[in-house]
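K.L.:
Sending over a structure as structure tokens; questions will come in a sec.
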Amino acid sequence: MSEINPKIRVEELTKLLNEHNHRYYVLNEPEISDFDFDALLRELENLEKSHPELADKNSPTQRVGGDITKNFESVAHDYPMLSLNNTYSNEELHDFAERTIKTLEREPEYICELKYDGVAIAIVYENGRLVRAVTRGDGSVGEDVTANVRTIRTIPLELTGDYPEKFEIRGEIVFPHEAFNALNASREKLGEPKFANPRNTASGTIKMQDSSIVAGRGLDCFLYSVLGVDFESHYEGIQAARRWGFKVPSEELRYITRVNSIDGVEKFIQYWNKEREQLPFETDGIVVKVNGTANQKLLGSTSKFPRWAVAYKFKAERVATVLERVTYQVGRTGAITPVANLVPVQLGGTMVKRASLHNSDQIDKLDVREGDTVFVEKGGEIIPKIVGVDKSSRSEDTKKLVYADRCPECGETLVRKEGEAQHYCLNESGCPPQIKGKIQHFIGRKMMNIDGLGAETVEQLFEAKLLNNIADLYDLKAEYLLPLERMAEKSVNNILAGIEASKTVPFPQVLYAIGIRYVGETVAKKLAQHFGSVKNLLEADLETLVNVDEIGQKIAESVKDYFEIPENIDLINRLIKAGLKLELNKEELENRSNKLEGLTFVVSGVFSSMSRDEIKNAVETNGGKVTSSISKKTSYLIRGENMGPSKLEKAEKLEIALISEEEFVAMLE
Ligand code: IVH
């Protein structure tokens with residue numbers, strides 16, 4: 001018997017597995033058993049293991065993930081990712097129709113679709129193969145999340161039929177209810193906090209570094225437009241995508257429909273307004289699109305959204321319930337948020353027990369009292385809000401609410417500074433949620449990025465009295481950690497290695513991590529560049545601070561206040577002693593200049609000798625300012641490849657100077 005040629009067998013298996021995957025996930029018509037599918041997959045896995053040269057990024061074996069992405073690369077979109085204009089009433093919908101008819105001089109055909117509530121994604125295919133998947137980002141540049149998108153089973157890795165050589169397809173990645181509930185159930189079992197809603201969890205999941213976790217979460221994707229191919233209509237594009245193997249909205253289930261008048265649109269809205277609760281995923285409205293491509297061109301787009309489409313948003317659901325008690329939550333910075341504890345009610349698919357009351361002004365405005373019947377709404381936000389009080393049902397013995405005057409966690413007197421909405425507990429180093437919150441902020445990914453430590457471990461170490469501030473992290477030793485519950489040698493080593501690695505984090509990031517109020521990422525960079533070291537910064541007086549470009553009174557005062565507290569100075573000294581970078585190194589100092597002072601840059605597109613982040617950094621280390629959108633204040637637009645056309649148009653309109661990467665480098669010399 002002749003031997004099977006491994007290359008041919010890999011190709012055969014790939015084709016077979018892709019077909020069965022499509023049948024199972026897209027068509028819902030499996031032809032073979034899970035067992036048989038797994039056997040084929042195993043065979044392919046084994047072949048790829050013994051012939052690594054035959055392994056392929058788009059192999060069906062990659063669906064389980066495994067690739068780790070450290071930093072998601074920025075990618076410029078070939079076509080800007082616009083948003084949709086929102087309407088909230090029939091009246092506004094009719095306004096849209098009227099404008100459309102006026103331009104087109106007749107009523108066009110419309111396509112109605114559901115508005116999937118998830119995260120937008122742009123996927124590029126070349127020669128029938130998925131090559132790149134990019135998030136929306138700021139609309140012109142997004143993040144490359146290809147490894148994660150490859151794990152979504154309804155997204156084909158290889159296409160079938162009459163696909164064009166190159167095109168882009170866009171859609172929405174959603175977290176179906178069933179998968180979301182399963183995820184939360186398993187988190188609950190593990191004692192981990194539950195996720196608040198499917199949309200934010202989809203968005204967090206698609207940006208996870210470990211694609212094998214993404215693979216296990218059960219994300220889905222609905223595709224809603226094809227770009228880079230000439231179709232006569234939107235509908236034709238969707239039909240073509242179906243032939244190429246994509247999961248597109250079902251006509252049978254009325255996820256998409258064609259109508260020839262705005263009355264038809266209204267019927268679609270009425271139907272889904274009632275039925276949307278039954279859908280296996282979240283929608284927040286419907287999308288109406290003018291179907292014909294020629295008509296779409298006539299209508300055109302603004303810089304933000306197309307004039308040929310509009311979203312109709314369902315009204316936020318509102319329910320009445322009783323407010324039992326107002327309690328107060330203390331944040332990392334000591335900010336106090338009043339919380340309404342409610343008699344639990346079902347709202348938008350979840351049980352609501354609490355709602356934010358924001359601040360004391362809001363309480364006064366609503367005149368809300370304990371015992372009142374209140375109206376709760378869920379908008380786009382995760383936390384529901386109280387929008388009103390049913391005063392007609394108020395009982396006579398309710399009393400006007402007296403706002404807390406002491407911190408519920410540590411008993412310190414609360415203060416409210418002039419001009420601020422929030423009350424604060426100023427007991428930074430003695431108030432448990434502030435201590436834990438500061439440590440959690442410090443170890444975050446964009447700060448000290450300490451792997452191995454999470455909120456739960458911080459809580460545990462705080463309870464064990466091993467962590468009382470950020471400097472304590474650097475005194476942790478294996479012998480202190482090992483006796484604690486759930487601390488195996490491996491996790492202890494992980495924690496300690498993460499802490500050790502954090503000593504190489506550059507000064508601006510360390511300054512951000514320390515958690516001085518109002519000193520976010522950008523301000524920290526600015527201060528670090530300007531002062532060069534924490535020593536210089538803490539010696540600066542208020543005037544010097546205010547005189548730094550972009551540093552206002554509020555930030556300056558906050559920095560000053562921070563360094564006036566002896567405990568903070570002690571903390572900084574301990575961090576220096578532990579070996580953290582609290583000054584710029586020689587190279588960073590030498591790279592600094594004021595050459596670009598007073599100039600504002602927008603950086604757009606993809607560059608060859610430096611990354612976008614490196615260019616932005618170079619602007620900032622040389623005293624310049626980076627903004628994300630073009631305005632009259634922009635001095636230069638540094639233009640890379642594949643820059644979004646809308647940015648270019650805007651720059652030309654405002655007569656902003658365009659420079660290349662090389663010209664920018666020359667400016668620094
Ligand atoms: S079409 C030019 N169709 O809604 C904009 N978008 O609020 C074309 N979305 O960014 C978008 N479902 O992420 C379109 N059926 C649908 C959609 C949809 C959800 C999202 C999309 C867009 C956002 C705008």
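The values are calculated or read from the model by the stated rules, or taken from the named source; none is laboratory data. The structure presented is a predicted model; accordingly, all values stated were derived computationally and were not measured. Please note: Cβ atoms are built from the backbone with ideal geometry, for glycine as well, and neighbour counts cover all protein chains shown. The protein model used for the area step is the full one, side chains on, heavy atoms only, and it has no ligands, DNA or RNA in it. Shrake-Rupley method; radii C 1.70, N 1.55, O 1.52, S 1.80 Å.
K.L.:
Only one of 414, 426 is touching a residue at least 60 places away in the same chain (Cβ under 8 Å) and under 20 Å from residue 512 (Cα atoms); which?
P.N.:
Details: 414 fails: under 20 Å from residue 512 (Cα atoms).
None of the others qualify; the one that does is 426.
A quick yes/no check of all residues on (1) at pLDDT 95 or above; (2) touching a Ser or Thr at 6+ places or on another chain (Cβ under 6 Å):
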site	(1), (2)
517	no, yes
521	no, no
533	yes, no
556	yes, no
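K.L.:
May I ask you to list the residues in the stretch 71-81 that are within 17 Å of the chain's Cα centre (by Cα) and within 14 Å of the ligand (Cβ to nearest atom)?
P.N.:
First, the residues of the stretch 71-81 that are within 17 Å of the chain's Cα centre (by Cα): 71-75, 81.
Within the stretch 71-81, just 81 meets the criteria.
K.L.:
Report yes if residue 333 is in a loop (DSSP other than H, G, I, E, B) and either in contact with a strand residue (DSSP E or B) (Cβ under 9 Å, 6 or more places away or on another chain) or small (Gly, Ala, Ser) (or both), otherwise no. Can you show your working first?
P.N.:
Numbers: in a loop (DSSP other than H, G, I, E, B): yes; either in contact with a strand residue (DSSP E or B) (Cβ under 9 Å, 6 or more places away or on another chain) or small (Gly, Ala, Ser) (or both): yes.
In short, yes.
K.L.:
Same structure, new question: Which residue pairs have Cβ atoms under 8 Å apart, sit 6 or more places apart or on different chains, and have a first residue in the stretch 169-180 that is free of Cβ contacts under 8 Å to residues at least 12 places away in the same chain and a second that is acidic (Asp, Glu) and away from the ligand (no atom under 16 Å from the Cβ)?
P.N.:
none
K.L.:
What single numbered condition from (1) within 16 Å of the ligand (Cβ to nearest atom); (2) touching a strand residue (DSSP E or B) at 6+ places or on another chain (Cβ under 7 Å); (3) more than 28 Å from residue 178 (Cβ to Cβ) fails to hold for residue 219?
P.N.:
Evaluating residue 219 over (1) within 16 Å of the ligand (Cβ to nearest atom); (2) touching a strand residue (DSSP E or B) at 6+ places or on another chain (Cβ under 7 Å); (3) more than 28 Å from residue 178 (Cβ to Cβ) leaves (3) as the failure.
K.L.:
Another question, then. For the stretch 16-33, how many residues are of a type in the set (Lys, Arg) and in contact (Cβ under 8 Å) with a residue 40 or more places away in the chain?
P.N.:
Residues of the stretch 16-33 that are of a type in the set (Lys, Arg), as a first pass: 23.
Next, only the ones that are in contact (Cβ under 8 Å) with a residue 40 or more places away in the chain stay: none.
Here the count works out to 0.
K.L.:
Right, another one. Within the stretch 471-495, which residues are without any contact (Cβ under 8 Å) to a residue 24 or more places away in the chain, outside any helix (DSSP H, G or I), over 21 Å from residue 579 (Cα atoms) and open to solvent by 40 Å² or more (accessible area, probe 1.4 Å)?
P.N.:
Within the stretch 471-495, 482, 483, 488 meet the criteria.
K.L.:
I would also like to ask the following. Residue under question is residue 25, and the condition is that it be aromatic (Phe, Trp, Tyr), open to solvent by 70 Å² or more (accessible area, probe 1.4 Å) and at pLDDT below 90; does it hold? Talk me through it step by step, then tell me what you get.
P.N.:
Working: aromatic (Phe, Trp, Tyr): yes; open to solvent by 70 Å² or more (accessible area, probe 1.4 Å): yes; at pLDDT below 90: yes.
When the stated conditions are applied, residue 25 passes them.
K.L.:
Can you pull out the residues in the stretch 128-142 that are touching a Lys or Arg at 6+ places or on another chain (Cβ under 8 Å) and at pLDDT 95 or above?
P.N.:
From the stretch 128-142, those touching a Lys or Arg at 6+ places or on another chain (Cβ under 8 Å) are 130, 133, 135, 140-142; that's our starting set.
130, 133, 135, listed by residue number.
K.L.:
A further question follows. Of the residues 162, 230, which is within 30 Å of residue 265 (Cβ to Cβ) and surrounded by fewer than 18 Cβ atoms within 10 Å (Cβ to Cβ)?
P.N.:
230
K.L.:
Based on this model, can you work out whether residue 502 counts as under 34 Å from the mean Cα position of the chain (by Cα), under 11 Å from residue 448 (Cβ atoms) and outside any loop (DSSP other than H, G, I, E, B)?
P.N.:
Details: under 34 Å from the mean Cα position of the chain (by Cα): yes; under 11 Å from residue 448 (Cβ atoms): yes; outside any loop (DSSP other than H, G, I, E, B): yes.
Against the criterion (under 34 Å from the mean Cα position of the chain (by Cα), under 11 Å from residue 448 (Cβ atoms) and outside any loop (DSSP other than H, G, I, E, B)), residue 502 qualifies.
K.L.:
Still on this structure, please answer the following. Restricting attention to the stretch 165-177, and to residues there that are of a type in the set (D, E, K, R) and more than 16 Å from the ligand (Cβ to nearest atom), which single residue is surrounded by the most Cβ atoms within 10 Å (Cβ to Cβ)?
P.N.:
First, the residues of the stretch 165-177 that are of a type in the set (D, E, K, R): 165-166, 168, 170, 172.
Filter once more, so that each one left must be more than 16 Å from the ligand (Cβ to nearest atom): 165-166.
On the way: 165: 10, 166: 14.
Per the criteria, the residue is 166.
K.L.:
Taking residue 319 as meeting all but one of (1) in contact with a Ser or Thr (Cβ under 9 Å, 6 or more places away or on another chain); (2) modelled with pLDDT under 90, write down the number of the exception.
P.N.:
Of the numbered conditions (1) in contact with a Ser or Thr (Cβ under 9 Å, 6 or more places away or on another chain); (2) modelled with pLDDT under 90, the odd one out for residue 319 is (1).
K.L.:
Given the conditions (1) more than 28 Å from the chain's Cα centre (by Cα); (2) at pLDDT 95 or above, which single one is not true for residue 470?
P.N.:
(1)
Let's see how each residue does on (1) within 21 Å of residue 436 (Cα to Cα); (2) of a type outside the set (A, V, I, L, M, F, W, C); (3) without any contact (Cβ under 8 Å) to a residue 60 or more places away in the chain:
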| residue | (1), (2), (3) |
| --- | --- |
| 328 | yes, yes, no |
| 332 | yes, yes, no |
| 346 | no, yes, yes |
| 358 | no, yes, no |
| 366 | no, no, yes |
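K.L.:
If a residue must be exposed (fewer than 15 other Cβ atoms within 10 Å of the Cβ) and free of Cβ contacts under 8 Å to residues at least 40 places away in the same chain, how many such residues does the stretch 55-91 contain?
P.N.:
Adding up the residues that qualify gives 3.
K.L.:
Looking at the stretch 96-119 only, could you name the residues that are of a type in the set (A, V, I, L, M), within 16 Å of the ligand (Cβ to nearest atom) and open to solvent by 10 Å² or more (accessible area, probe 1.4 Å)? Full working, then the answer.
P.N.:
First, the residues of the stretch 96-119 that are of a type in the set (A, V, I, L, M): 97, 101, 104, 111, 114, 119.
Filter once more, keeping what is within 16 Å of the ligand (Cβ to nearest atom): 111, 114, 119.
119 - this is the single residue of the stretch 96-119 that is of a type in the set (A, V, I, L, M), within 16 Å of the ligand (Cβ to nearest atom) and open to solvent by 10 Å² or more (accessible area, probe 1.4 Å).
K.L.:
Of the residues 19, 48, 43, which is closer than 23 Å to residue 124 by Cα, assigned to a helix (DSSP H, G or I) and acidic (Asp, Glu)? Don't jump to the end; show me each part of the working.
P.N.:
Values: 48 fails: closer than 23 Å to residue 124 by Cα; 43 fails: closer than 23 Å to residue 124 by Cα.
Answer to the check: 19.
K.L.:
Moving to a separate point now. Tell me which residues, restricted to the stretch 338-380, are within 26 Å of residue 116 (Cα to Cα) and polar (S, T, N, Q).
P.N.:
Scanning the stretch 338-380 gives 346, 350.
K.L.:
Separate question: Quick one: count up the residues across the stretch 432-461 that are surrounded by 17 or more Cβ atoms within 10 Å (Cβ to Cβ) and not in a loop (DSSP other than H, G, I, E, B). Reasoning before the result, please.
P.N.:
Here is the first cut: in the stretch 432-461, the residues surrounded by 17 or more Cβ atoms within 10 Å (Cβ to Cβ) are 433-443, 447-448, 450, 452-453, 457-458, 460-461.
Add one more test, that the residue is not in a loop (DSSP other than H, G, I, E, B), and what stays is 433-443, 457-458, 460-461.
Qualifying residue count for the region: 15.
K.L.:
Hey, another quick one. Collect the residues in the stretch 277-323 that are surrounded by 15 or more Cβ atoms within 10 Å (Cβ to Cβ), acidic (Asp, Glu) and either at positive phi or more than 10 Å from the ligand (Cβ to nearest atom) (or both), keeping them in residue-number order.
P.N.:
Those that are surrounded by 15 or more Cβ atoms within 10 Å (Cβ to Cβ), acidic (Asp, Glu) and either at positive phi or more than 10 Å from the ligand (Cβ to nearest atom) (or both): 282, 317.
K.L.:
Then there's this: Are there any strands (runs of 3 or more DSSP E) wholly within the stretch 217-300 with 2 or more residues that are under 22 Å from residue 201 (Cα atoms) and under 30 Å from the mean Cα position of the chain (by Cα), and if so which?
P.N.:
Details: elements: 220-227, 256-259, 283-290.
Once the strands (runs of 3 or more DSSP E) in the stretch 217-300 are filtered for at least 2 residues that are under 22 Å from residue 201 (Cα atoms) and under 30 Å from the mean Cα position of the chain (by Cα), what remains is 220-227, 283-290.
K.L.:
Let me ask something else about it. Quickly run through the stretch 1-15 and pick out the residues that are hydrophobic (A, V, I, L, M, F, W, C) and buried (at least 17 other Cβ atoms within 10 Å of the Cβ).
P.N.:
From the stretch 1-15, those hydrophobic (A, V, I, L, M, F, W, C) are 1, 4, 8, 10, 13; that's our starting set.
Answer for the stretch 1-15, where residues must be hydrophobic (A, V, I, L, M, F, W, C) and buried (at least 17 other Cβ atoms within 10 Å of the Cβ): 10, 13.
K.L.:
Tell me which of these residue 250 doesn't satisfy, since it passes every other one: (1) closer than 28 Å to residue 158 by Cα; (2) of a type in the set (Ser, Thr, Tyr); (3) touching a residue at least 24 places away in the same chain (Cβ under 8 Å).
P.N.:
It is condition (3) that residue 250 fails.
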